[in-house]
Amino acid sequence: MSVKAKLILGFSILVIFITIGVFTGIFALKTFNDKLGQIVTIHAVKVKASQNMGRIILWLARNEKNAILDTEIEEMNKRYELRKQKLPEMDANFSTITKVMDEQGQERLKNLKSFYDEYLGISEKVFALTLKNQNNEARLLSAGAARQAANKFEETLDAITKRAVEDMDKENQLTTEYYQSTMFFLIALLVFSVAASVGMAIWIIVTINKALNSAVEIASSVSSASQQVSSTSQSLSEGASEQAASIEEISASIEEMSSSVLQNSNAAEETNRIANVSVEEATRGKGSVMKTLDASETSIHQIIYNLCNIAIYAMKKKEIGNLSVRLDKVLILEEMKDFIHSSEFQYVYQIIVRDDGVGIKQTYLDKIFEPFFSTKQNDGGTGLGLASVYGIIQSLKGNISVVSKENVGTRFTICLPCD
């Protein structure tokens, strides 16, 4: 095979490897976008719709109680009109969540709709009694049958919300694993392509050297030809040295890439270790927390893990920092009642996760709990961590607040009701 043919062969193999890498990357990106789109169009919609329904039923219950307490007919009629305006919003959420529910979810949704219709019927009777100034009868009906129907609705809605959050977390985990495996494959393909290119370059150099040696033997009888061959050999030797230096630079780049992958792996392991330790310290000796909240250890772990992961990312930008997780049982003060969804508890478990990282911009604080809003999209963030935390806390009838100052730190405060 001639030198020209070998050069053509070498470049052809290189082009084939590059083409395979490009098409593989396009396919992987399309698959990743499809999975992400599934999360957006199905699971995130279910979570948002169920959260909206929970807020509406809470508003209806409060509006009903306030109507009983009102003494003026005009105020009662005003609350009744506001109630009628709120009902279409609930119907819209029912329609939205019905479109994305699977077969098992549709069965739960039917039960939820029946409990909701039952509550509306009883609530209508409560308003009728109130408008007739029969407030005692209205109060008994509201505290009895209406409250029972509302509790059934909330329990079924909590189950739907919990299932939606779990499905979203599962899909998010699968998407992350697929992304990591794809990146590993592309890096391996790149390394292999570089190695193949270097091998082809060495093969071409060896072939050229053999051809030159043959030329030297043929022209050894001619002095001028010998000098020309000697000069050519020296030039090729310098070229080989430059090629060897280039090969060393490629090897150093590969080692640097491997070191970066190892550091990222170690950082991920450290994040998981800190989160696990934080969960263990926060729940050690607090077994009653799980019993009172009727929550699994996985749910509490998920909350603290995500918050610790966010804190570590914020501290990583400053290269140093402190992370603390604290759990206390505190009495509900008057100014805290609007913060807690349930009014039947006197105490809350208060979990505080604090760090002294780079903090969060004030313009972002109202958006951080929305699904797919992320301040670290360039670093692989999906914007689902805090949305998952918010959904789990809402399903436990708790709430979460955040206080942050740039370059000072961030504090997340979680309140979960307890006996």
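Note on Glu297 and Ala195: with the Förster distance fixed at 60 Å, the Cβ-Cβ geometry gives a FRET efficiency of about 0.80.
Using the Cβ-Cβ distance between Arg108 and Leu212 with R0 set to 56 Å, the FRET efficiency from 1/(1 + (r/R0)^6) comes to roughly 0.10. Using θ = phi - 60° in the Karplus curve 6.51 cos²θ - 1.76 cosθ + 1.60, the 3J(HN,Hα) couplings for region 67-74 round to 5, 5, 6, 5, 10, 9, 4, 4 Hz; x is entered for Gly and Pro.
Pairs Lys48/Lys376; Lys78/Lys110; Lys30/Lys317; Lys65/Lys329; Lys318/Lys405; Lys162/Lys361: which are spaced more than 20 Å apart, C-alpha to C-alpha?
Numbers: Lys48/Lys376 22 Å; Lys78/Lys110 31 Å; Lys30/Lys317 31 Å; Lys65/Lys329 29 Å; Lys318/Lys405 14 Å; Lys162/Lys361 30 Å.
Violating the 20 Å limit, Cα to Cα: Lys48/Lys376; Lys78/Lys110; Lys30/Lys317; Lys65/Lys329; Lys162/Lys361.
With the Cα gyration tensor of region 66-212 giving a ≥ b ≥ c as the square roots of its eigenvalues, does the rule (a/c under 1.5 for rounded; else a/b larger than b/c for prolate; else oblate) give rounded, prolate or oblate? The shape class here is prolate.
Which FRET efficiency value, to the nearest 0.05, is calculated for Leu9 and Asn136 with the Förster distance at 56 angstrom and r the Cβ-Cβ distance? So the FRET efficiency works out to roughly 0.05.
Projecting the Cα positions of Gln51, Leu9, Thr182 onto the charge dipole of region 1-218 (unit charges on Cβ atoms of Lys, Arg, Asp and Glu, taken about the Cα centre) puts Leu9 furthest along the positive direction. Hey, if you put +1 on the Cβ of every Lys and Arg and -1 on every Asp and Glu Cβ in region 1-218, which of Tyr119, Ile68, Thr130 ends up farthest toward the positive end of that dipole? Going by the charge dipole, the pick is Tyr119.
Please compute the length gained on full extension between Gln346 and Asn309, using 0.36 nm multiplied by the number of residues separating them and subtracting their Cα-Cα distance. Intermediate results must be reported in sequence, preceding the final value.
Details: separation 37, 0.36 × 37 = 13.32 nm, distance 3.14 nm.
Difference between extended and current length: 10.2 nm.
Is the shape of region 74-144 best called rounded, prolate or oblate, per the rule: a/c under 1.5 gives rounded, else a/b larger than b/c gives prolate, else oblate, with a ≥ b ≥ c the square roots of the Cα gyration tensor eigenvalues? Please list the in-between numbers first.
Details: a/c = 5.37, a/b = 2.01, b/c = 2.67.
In terms of gyration-tensor shape, oblate.
Coordinate-derived values only; no laboratory data. Remember, predicted model here, so these are calculated numbers, not experimental data. In this analysis, Cβ positions are derived from the backbone assuming ideal geometry, glycine residues included, and neighbour counts consider all displayed protein chains.
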